[in-house]
Amino acid sequence: MQEIQGALRHVVHDLFDQDVTIELTRTDEQFGDYTTNIAMQLAGRVHKAPRDIAGALVDALREAQPAMLQTVEVAGPGFINITLSNAALAATANAAPTAKPQTYAGQTVVTEYSDPNPFKVLHAGHLYTTIVGDVIARLYEIAGAQVHRLNYGGDVGLHVGRAMWGIITYLGGEHPGKLAEVPADGRPEWIAARYVEGTTAYEQNEQYKAEIVSINQRVYALHKENDHESDFARIYWTCREWSYQGFDALYKRLHIAPFEKYVPESEVASKANEMVDRALEAGVLTMSDGAVVFKGEEHGLHTRVFRNSAGLPTYEAKDLGLAATKWQEYHFDHSVIVTANDIIEYMKVVLTVLSHFYPEVVNRSVHLTHGLIKLPGGRKMSSRKGNVTLASDILEAAVEANKTLTGKDDYDVVVGAVKYAFIKQRIGGNIVYNPEESVSLEGNSGPYLQYAHARARSILRKAEGRSMGFDDHFDGVERSLARKISEYPEVAGRAVAELMPHHIATYLYELAQSFNRFYEHAKVLDDPREAVRLQLVARYADVLRDGLTILGITAPEQM
């Protein structure tokens with residue numbers, strides 16, 4: 001495609017002395033491989049009819065690229081339809097698995113996603129953010145970037161106070177030795193249960209609420225004093241580590257690429273307070289009833305508190321500290337944060353305040369948001385009271401659905417099913433997750449694509465040792481599959497440019513359907529066209545595997 005774009009740019013310049021950006025789009029197969037409306041774009045500049053411009057460009061393009069083009073024709077009011085020669089199509093299809101645009105070559109990208117809070121467990125929203133964030137990081141990597149994966153979470157704050165109150169109450173006091181009685185395989189869930197108990201106590205009993213507020217202040221103090229020895233501190237540090245271990249175990253089950261580091265809120269609290277002081281001095285933030293606030297209404301936003309009346313930095317302040325810490329450590333070209341869409345307005349406030357001190361960070365940052373994850377029936381989730389659908393609930397539902405369907409306990413298939421069910425939908429809206437649909441071997445599902453890959457590899461195993469390769473001819477069904485394979489780099493490029501992995505998911509499903517049509521009408525083994533068709537099967541399988549890998553889904557050799 002780039003060669004055709006380059007050739008068109010040259011002929012436009014030679015014929016009309018115009019420098020233009022050429023856009024080629026895929027057209028229906030009956031009309032060719034690509035189309036462009038460049039003639040209509042030029043009409044106003046050169047004061048000629050679009051069809052006349054198109055005719056001149058077609059003649060010049062045929063002369064400039066005779067080996068690459070099978071046909072070049074003027075269509076409609078001045079479109080130019082282009083069909084690649086068989087040799088050019090074969091070369092494009094051969095290169096498809098590895099010819100992805102290096103849009104971010106040499107650039108540094110920081111991705112932040114998942115972001116669960118220690119002392120709580122990952123809910124379904126975290127599961128979505130984790131899966132999609134992992135794919136976003138992979139998209140940057142395939143485009144040549146050096147990617148740093150960060151995971152930010154609240155190891156201080158009122159939720160920790162609630163959990164610590166529940167833990168201490170359960171233990172009958174500050175007795176860290178009793179933590180040994182908690183079963184190792186249920187520690188994250190045990191902590192989550194204590195958080196729920198603390199939340200109930202906070203909301204229903206004023207005495208307990210006061211105790212939790214006091215515990216919250218003690219958590220901040222132990223960080224400030226670097227206390228690891230007191231009984232209170234030993235309980236805190238042990239349970240925080242259990243939370244991280246629980247997160248790591250789930251990420252491993254999900255085949256999520258490892259995070260470079262966890263960035264706990266406690267590590268950015270000092271930087272947060274420093275930035276609040278600077279913003280207060282600069283007049284960006286103001287005092288209000290003993291708290292430090294941003295009066296957002298003056299900027300078309302809403303008022304947010306950056307330091308509460310007790311002198312503690314809020315989430316807003318700590319996000320300032322996090323942004324400054326990222327910049328000072330990485331001096332990135334791009335920063336991406338993946339969260340639920342309920343903090344869109346919140347992030348606008350944070351970035352507005354940040355812009356007064358680090359405008360380069362704001363200019364290089366992207367905030368991707370997603371909706372709620374629901375189970376059939378539309379039940380909304382809320383983590384405030386602990387009555388959430390957990391990440392583990394989603395996974396277990398998929399495990400059971402897969403067992404019912406296949407009788408097998410294949411966890412890679414289950415993970416692929418859940419991931420694909422999330423990724424195939426455009427980032428932004430709510431998602432209703434249906435376990436039975438996600439594990440189906442029919443329709444637009446992860447297992448369907450995994451099976452499609454295994455099926456292609458089975459054909460290639462049977463043909464082991466036989467010759468394969470393209471010649472100078474494609475018949476109808478061969479050409480259709482080669483054409484679809486050749487689209488892969490363009491789709492990957494679009495997914496990277498828009499940070500929308502659903503483009504790859506949609507393409508892989510369409511590719512598998514193209515292969516099914518090919519396989520229905522074209523015998524592969526022991527056919528005079530065997531070498532060409534085996535080459536098509538091999539490139540098809542390679543593209544499927546590459547695309548699934550970008551989505552974080554395994555491509556099994558057999559199922």
Here are some conditions: (1) over 37 Å from the mean Cα position of the chain (by Cα); (2) modelled with pLDDT of 95 or more. P66 meets all but one. Which one does it not meet?
-> (2)
Contacts under 6 angstrom Cβ, first residue in segment 315-330 being among the acidic types (D, E), partner surrounded by 21 or more Cβ atoms within 10 Å (Cβ to Cβ), 6 or more apart | E316/R304; E316/F306; E316/V350; D319/V350
Might you check whether a residue that is surrounded by fewer than 19 Cβ atoms within 10 Å (Cβ to Cβ) and among the aromatic types (F, W, Y) occurs anywhere in segment 300-315?
-> yes
State yes or no: is L525 over 32 Å from the mean Cα position of the chain (by Cα) and either under 17 Å from N86 (Cα atoms) or small (G, A, S) (or both)?
-> no
Can you work out which of the residues in segment 477-515 that are free of Cβ contacts under 8 Å to residues at least 24 places away in the same chain and out of contact with any Phe, Trp or Tyr (no Cβ under 8 Å at 6 or more places or on another chain) is nearest to L24 (Cα to Cα)?
-> R494
Report whether or not N226 is of a type in the set (S, T, N, Q) and either surrounded by 17 or more Cβ atoms within 10 Å (Cβ to Cβ) or touching a residue at least 40 places away in the same chain (Cβ under 8 Å) (or both).
-> no
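Is it the case that M40 is in contact with a Leu (Cβ under 9 Å, 6 or more places away or on another chain) and of a type outside the set (V, I, T)? Spell out how you get there, then give the answer.
On the way: in contact with a Leu (Cβ under 9 Å, 6 or more places away or on another chain): no; of a type outside the set (V, I, T): yes.
It is false that M40 is in contact with a Leu (Cβ under 9 Å, 6 or more places away or on another chain) and of a type outside the set (V, I, T).
Looking only at segment 439-448, which residues are surrounded by fewer than 24 Cβ atoms within 10 Å (Cβ to Cβ) and in contact (Cβ under 8 Å) with a residue 12 or more places away in the chain?
Of the residues in segment 439-448, the ones surrounded by fewer than 24 Cβ atoms within 10 Å (Cβ to Cβ) are 440-445, 448.
Within segment 439-448, S440, L441, N444, S445, Y448 meet the criteria.
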Picking from E487, E510, E520, which residue would you name as being closer than 30 Å to V109 by Cβ and surrounded by fewer than 18 Cβ atoms within 10 Å (Cβ to Cβ)?
-> E510
Might you let me know whether segment 412-420 holds any residue that is in the same structural domain as A452 (by TED's automatic domain parsing) and not in a helix (DSSP H, G or I)?
-> no
Would you mind stating whether E265 is among the acidic types (D, E), closer than 30 Å to G416 by Cα and either in the same structural domain as A221 (by TED's automatic domain parsing) or at pLDDT below 95 (or both)?
-> no
Residue hits (segment 183-202; over 14 Å from R240 (Cα atoms) and either touching a Leu at 6+ places or on another chain (Cβ under 9 Å) or touching a residue at least 12 places away in the same chain (Cβ under 8 Å) (or both)) are A193, V196, E197, G198, T199, T200, A201, Y202
By residue number, the members of segment 523-559 that are part of a loop (DSSP other than H, G, I, E, B), buried (at least 18 other Cβ atoms within 10 Å of the Cβ), of a type in the set (A, V, I, L, M, F, W, C) and at pLDDT 95 or above are V524, L551, I553, A555
Got a sec? Which of V284, V213, V263, V276 is buried (at least 18 other Cβ atoms within 10 Å of the Cβ) and in a helix (DSSP H, G or I)?
-> V276
Among the residues of segment 490-507, write down those that are more than 26 Å from A417 (Cβ to Cβ) and surrounded by fewer than 18 Cβ atoms within 10 Å (Cβ to Cβ).
-> A497
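Kindly indicate whether H148 is touching a residue at least 40 places away in the same chain (Cβ under 8 Å), in contact with a helix residue (DSSP H, G or I) (Cβ under 9 Å, 6 or more places away or on another chain) and surrounded by fewer than 21 Cβ atoms within 10 Å (Cβ to Cβ).
Criteria met by H148.
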Answer yes or no: is there a residue in segment 512-522 that is assigned to a helix (DSSP H, G or I), within 30 Å of T129 (Cα to Cα) and within 24 Å of the chain's Cα centre (by Cα).
-> yes
Hey, does segment 40-55 have a residue that's in contact (Cβ under 8 Å) with a residue 40 or more places away in the chain and either over 28 Å from L499 (Cβ atoms) or outside the structural domain of V496 (by TED's automatic domain parsing) (or both)?
-> no
Can you find a residue in segment 390-400 that is over 24 Å from the mean Cα position of the chain (by Cα) and either at pLDDT 90 or above or assigned to a loop (DSSP other than H, G, I, E, B) (or both)?
-> yes
May I ask you to verify whether G465 is of a type in the set (G, A, S), assigned to a loop (DSSP other than H, G, I, E, B), over 26 Å from the mean Cα position of the chain (by Cα) and on the phi > 0 side of the Ramachandran plot?
-> yes
Is there a residue in segment 208-220 that is of a type in the set (G, A, S) and under 28 Å from the mean Cα position of the chain (by Cα)?
-> no
Is there a residue being in contact (Cβ under 8 Å) with a residue 60 or more places away in the chain and either part of a helix (DSSP H, G or I) or more than 23 Å from the chain's Cα centre (by Cα) (or both) anywhere in segment 287-309?
-> no
P101 fails exactly one of the following numbered conditions: (1) within 40 Å of the chain's Cα centre (by Cα); (2) buried (at least 18 other Cβ atoms within 10 Å of the Cβ); (3) not hydroxyl-bearing (S, T, Y). What is the number of that condition?
-> (2)
Consider only pairs whose beta carbons are under 6 Å apart and that are at least six residues apart or on different chains; among these, list those whose first residue lies in segment 420-432 and is surrounded by fewer than 21 Cβ atoms within 10 Å (Cβ to Cβ) and whose second residue is assigned to a loop (DSSP other than H, G, I, E, B).
-> G429/G371; N430/G371; N430/L372; I431/Q425
Evaluate the following for L351: is it modelled with pLDDT of 90 or more, farther than 28 Å from G547 by Cβ and outside any loop (DSSP other than H, G, I, E, B)?
-> yes
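The values are calculated or read from the model by the stated rules, or taken from the named source; none is laboratory data. Just so we're clear, the structure is a prediction, and the values are computed from it rather than from any experiment. Don't worry about glycine lacking a Cβ; one is built from the backbone with ideal geometry, like all the others, and counts go over all protein chains shown.
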